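*Asks:* Here you go, one structure.
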Amino acid sequence: MATKAEQLKDELDVLEAERLVATVRLRAALISAAATLLPDAIRQAKPKAARKRKDGTRSAPRPGSPALLRLIARVAMRDVRLDKPKS
């Protein structure tokens with residue numbers, strides 16, 4: 001018969017394993033969503049060409065917005081060592 005301390009340790013081990021499985025599933029979903037959004041992110045990050053005005057002059061080119069691309073890169077480069085606790 002297991003002692004109360006052993007039972008608690010076993011329950012904590014089960015919870016830790018469930019946490020690892022949930023983390024892996026969440027990361028897979030994030031990477032899948034990032035892969036879907038990547039073409040849009042690249043398109044948004046490219047600078048916009050100068051536009052011709054009605055009077056014949058050109059407007060200044062608008063810079064792109066790399067925010068979504070940065071977010072995808074952050075997800076992709078996140079530390080994936082699940083067995084190492086954060087310090």
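*Asks:* For segment 1-31, which residues satisfy the criterion of being loosely packed, with under 10 Cβ neighbours inside 10 Å and of a type in the set (Gly, Ala, Ser)?
*Replies:* Once the filter is applied, which keeps residues that are loosely packed, with under 10 Cβ neighbours inside 10 Å and of a type in the set (Gly, Ala, Ser), segment 1-31 yields Ala2, Ala5.
*Asks:* Find the residue count for segment 53-71, including only residues that are assigned to a loop (DSSP other than H, G, I, E, B) and either within 26 Å of the chain's Cα centre (by Cα) or surrounded by 10 or more Cβ atoms within 10 Å (Cβ to Cβ) (or both). Spell out how you get there, then give the answer.
*Replies:* To start, the set of residues in segment 53-71 that are assigned to a loop (DSSP other than H, G, I, E, B) comprises 53-57, 59-61, 63-66.
Right, trim to either within 26 Å of the chain's Cα centre (by Cα) or surrounded by 10 or more Cβ atoms within 10 Å (Cβ to Cβ) (or both) and you get 59, 61, 63-66.
Final tally of qualifying residues: 6.
*Asks:* May I pose another question? Would you mention how many residues in segment 21-46 are over 17 Å from the mean Cα position of the chain (by Cα) and either over 19 Å from Ala73 (Cα atoms) or of a type in the set (Asp, Glu) (or both)?
*Replies:* 1
*Asks:* Same structure, new question: Which number in (1) in a helix (DSSP H, G or I); (2) aliphatic (A, V, I, L, M); (3) surrounded by 10 or more Cβ atoms within 10 Å (Cβ to Cβ) marks the one condition that Ala50 misses?
*Replies:* Every listed condition holds for Ala50 apart from (1).
No lab work stands behind these numbers, since they all come straight from the coordinates. Since the model is a prediction, treat every value here as computed from it, not as a measurement. With ideal geometry, Cβ positions are generated from the backbone for all residues, glycine too; neighbour counts draw on all protein chains shown.
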